[in-house]
Amino acid sequence: NAGVTQTPKFQVLKTGQSMTLQCAQDMNHNSMYWYRQDPGMGLRLIYYSASEGTTDKGEVPDGYNVSRLKKQNFLLGLESAAPSQTSVYFCASSYEGGGTQYFGPGTRLLVL
Amino acid sequence: RKEVEQDPGPFNVPEGATVAFNCTYSNSASQSFFWYRQDCRKEPKLLMSVYSSGNEDGRFTAQLNRASQYISLLIRDSKLSDSATYLCVVKSSNDYKLSFGAGTTVTVRA
């Protein structure tokens, strides 16, 4: 089992560009999450999905959108990238919203 | 006020030493507690859950103090491989969301 995978691993964008971060899990988990991690801030939840076809805003959703069309995939979109979105993005999944979450390896994003 | 607060450290300890650190949480309705471990430039991974009565997993001991709203982690007989950042994580019972502390960095030296 691959667990949780994320693509790309690294990305450099210019301000105003858009992109989609991809996340896939092969554990048949119902819940999936997108976090960002910034120095000294801890992980902050951007969006989460309790089940296929449903999504909810987390703590810092502004400037992002998500889609969960298939149970195994959770996509995070940046509509118009800003330097403040420079961060490390982690996707995670869990069986039913429990405390055991499995994380992907992360995407390092730099917005110039 | 942050929902989960941790001393960022770093805690620099020699191999074989015992190191302990706490985190505090602000939401008294929090029901589930965890320690995650994050190695440098890697993803977080669950280290252990924290139960009300306290629990051990090998050299790691976790304690919960609900009255004072803090959680502790103690590492005995530290190994070089214990060098990592330890994330304190809190969950409310009726919520899918986890609240993460910013982490405590532990460096074990030879």
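Values in this text are rule-based calculations from the coordinates and carry no lab data. Just so it is clear, the model here is predicted, and its values are computed rather than measured. For neighbour counting, all protein chains shown are included, and Cβ atoms are generated from backbone atoms with ideal geometry for every residue, glycine included.
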Inset, instruction - Mind giving me the FRET efficiency for B:Lys42 and B:Arg1? R0 is 35 Å, r the Cβ-Cβ distance, nearest 0.05 is fine. - result: 0.75
Legend entry - Loop chymotrypsin sites (Phe, Trp or Tyr not before Pro), segment B:1-85, which have at most 16 other Cβ atoms in a 10 Å radius of their Cβ (DSSP): B:Tyr51
Inset, instruction - Enumerate the whole-percent occupancy of each 5 Å bin, from 0 to the last occupied one, for all C-alpha pair distances of the protein assembly as shown. - result: 1, 7, 15, 18, 18, 16, 12, 8, 4, 1, 0
Legend entry - Only Lys, Arg (+1) and Asp, Glu (-1) charged, at Cβ; the protein assembly as shown dipole about Cα centre in debye: 300 debye
Legend entry - Equivalent ellipsoid semi-axes - Cα gyration tensor, segment A:1-59, angstrom: 21, 16, 13
Inset, instruction - Return the Rg/Rh value of segment A:21-89, two decimal places, where both radii are evaluated on C-alpha atoms and Rh is the Kirkwood radius. - result: 0.96
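Quick one: dipole size for chain B, taken about the Cα centre, charges +1 on Lys/Arg Cβ and -1 on Asp/Glu Cβ, in debye to the nearest 20.
Numbers: 13 positive and 11 negative charges, 32 e Å.
Charge dipole of chain B: 160 debye, to the nearest 20.
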Legend entry - trypsin sites (Lys or Arg not before Pro) within segment A:1-85, DSSP loop, no more than 12 other Cβ atoms inside 10 Å: A:Lys9, A:Lys14, A:Lys70
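Take the Cβ-Cβ distance between B:Asn55 and A:Asn1 as r, set R0 to 45 Å, and report the resulting FRET efficiency rounded to the nearest 0.05. Each step should come with its number before you reach the end.
Values: r = 27 Å, r/R0 = 0.61.
It comes out at approximately 0.95.
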Inset, instruction - Could you work out the mean projected area of the convex hull around the alpha carbons of chain B, in square nanometres to one decimal? - result: 6.8 nm²
Inset, instruction - About the Cα centre of segment A:3-57, how large is the charge dipole given +1 on each Lys and Arg Cβ and -1 on each Asp and Glu Cβ? Please answer in debye to the nearest 20. - result: 280 debye
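Which FRET efficiency value, to the nearest 0.05, do you get for A:Ser18 and A:Glu59 by plugging their Cβ-Cβ distance into 1/(1 + (r/R0)^6) with R0 = 22 Å?
In this case the efficiency is close to 0.50.
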Legend entry - A:Asn30 versus A:Ala82: modelled label distance in nm, points set 7 Å from Cα along the beta carbon direction: 3.5 nm
Legend entry - Inter-probe distance in nm under a simple model that places probes 7 Å from Cα toward Cβ, at B:Asp95 and B:Asn27: 0.1 nm
